[in-house]
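Everything below concerns the one structure shown next.
The values are calculated or read from the model by the stated rules, or taken from the named source; none is laboratory data. On a predicted model such as this, the values are computed, not experimentally measured, just so you know. FYI the Cβ positions are ideal-geometry reconstructions off the backbone, even for glycines, and counts take in every protein chain you see.
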Amino acid sequence: MRLAELQDAAIVGHSMGGMVALAYAGTYPAQVSRLGVLDGAFLSGSRRTPIHEQMSRWIDQLDRISEREPSAFRTIEEAAQRLSARNKRLTPAQALHLARHGVRQNADGLYRWKFDHHLRARAPYRLSPDDYIGLWSRISCPTLLMWGDESFLPDPEAAGLLAHFKQAELQKIEGAGHWLHHDRLDVVLASLRRFLATPQAAQSAI
């Protein structure tokens, strides 16, 4: 955003993207006009493991990931079936759409996920809960926190996170997990359009 010289930008992020968006808005509060976070606001435990143990654990995770053969699929449809098995709420059309854009065909003719599997490892260079709270308390724009009531992340309200924001509202989405924009796309889009003050005709889910 700094390179693009954007001002008063509205940012929406999911999961890790939501955490990054929160950190950015706390670092440059004057540059963000509205902030939407989809299941990305949470604080991990405050007890810190000694850094040498964090480093050793991280390197061990990277080694194990390097030794594993990435999942491979003969067809895009097989990849879609894997996604459906992981998230029962996906329609067949949604799963196929996500698989089509989420895999690439390699030289051996098989399809593999595009993402870097090494990102699964928990890196030791993370902000502490106090650091996140310090950033969140600097966010000056209206903030919408969205949370799926079946998410593996804790309820932001029950965790007391709203107290760290100047003007934040929480919307709990029923029947949605961590990927709430896949599970209840219509509800998420309607809420974001209201929040961003850009009402449009509702679009059908993919």
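Of everything listed in (1) in contact with a helix residue (DSSP H, G or I) (Cβ under 7 Å, 6 or more places away or on another chain); (2) more than 19 Å from His14 (Cα to Cα), the single unmet condition for Asp130 is (1).
Against the list (1) surrounded by 15 or more Cβ atoms within 10 Å (Cβ to Cβ); (2) farther than 30 Å from Glu69 by Cα, the condition His178 fails is (2). Residues in region 96-144 that are charged (D, E, K, R) and in contact with a Gly (Cβ under 8 Å, 6 or more places away or on another chain): Lys114, Arg138. When region 11-27 is filtered for residues that are more than 18 Å from Ala123 (Cβ to Cβ) and surrounded by fewer than 17 Cβ atoms within 10 Å (Cβ to Cβ), only Thr27 remains. Of the strands (runs of 3 or more DSSP E) lying entirely inside region 1-117, the ones with 2 or more residues being touching a residue at least 24 places away in the same chain (Cβ under 8 Å) are found at 9-14, 32-38, 111-113.
Please verify whether His182 is in a loop (DSSP other than H, G, I, E, B) and of a type outside the set (S, T, N, Q), treating the condition exactly as stated. Spell out how you get there, then give the answer.
Details: in a loop (DSSP other than H, G, I, E, B): no; of a type outside the set (S, T, N, Q): yes.
Criteria not met by His182.
Here is a yes/no grid of residues against (1) within 20 Å of the chain's Cα centre (by Cα); (2) among the aromatic types (Phe, Trp, Tyr); (3) assigned by TED's automatic domain parsing to the domain that holds Asp183; (4) surrounded by 14 or more Cβ atoms within 10 Å (Cβ to Cβ):
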site	(1), (2), (3), (4)
Gln94	yes, no, no, yes
Asn106	no, no, no, no
Trp113	yes, yes, no, yes
Trp136	yes, yes, yes, yes
Ser140	no, no, yes, yes
Glu157	yes, no, yes, no
Lys166	no, no, yes, no
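Considering only region 18-49, state which residues are charged (D, E, K, R), at pLDDT 90 or above and closer than 19 Å to Pro129 by Cα.
We begin by selecting, within region 18-49, every residue charged (D, E, K, R); these are 34, 39, 47-48.
Narrowing the set further to residues that are at pLDDT 90 or above leaves 34, 39.
Asp39 - this is the single residue of region 18-49 that is charged (D, E, K, R), at pLDDT 90 or above and closer than 19 Å to Pro129 by Cα.
Can you say whether His52 is farther than 27 Å from Ala168 by Cβ, at pLDDT below 95 and loosely packed, with under 12 Cβ neighbours inside 10 Å, as far as the supplied structure shows? Considered against the rule, which asks whether it is farther than 27 Å from Ala168 by Cβ, at pLDDT below 95 and loosely packed, with under 12 Cβ neighbours inside 10 Å, His52 comes out as yes. Among the residues of region 171-193, the one identified as of a type in the set (Asp, Glu) and under 17 Å from the mean Cα position of the chain (by Cα) is Asp183.
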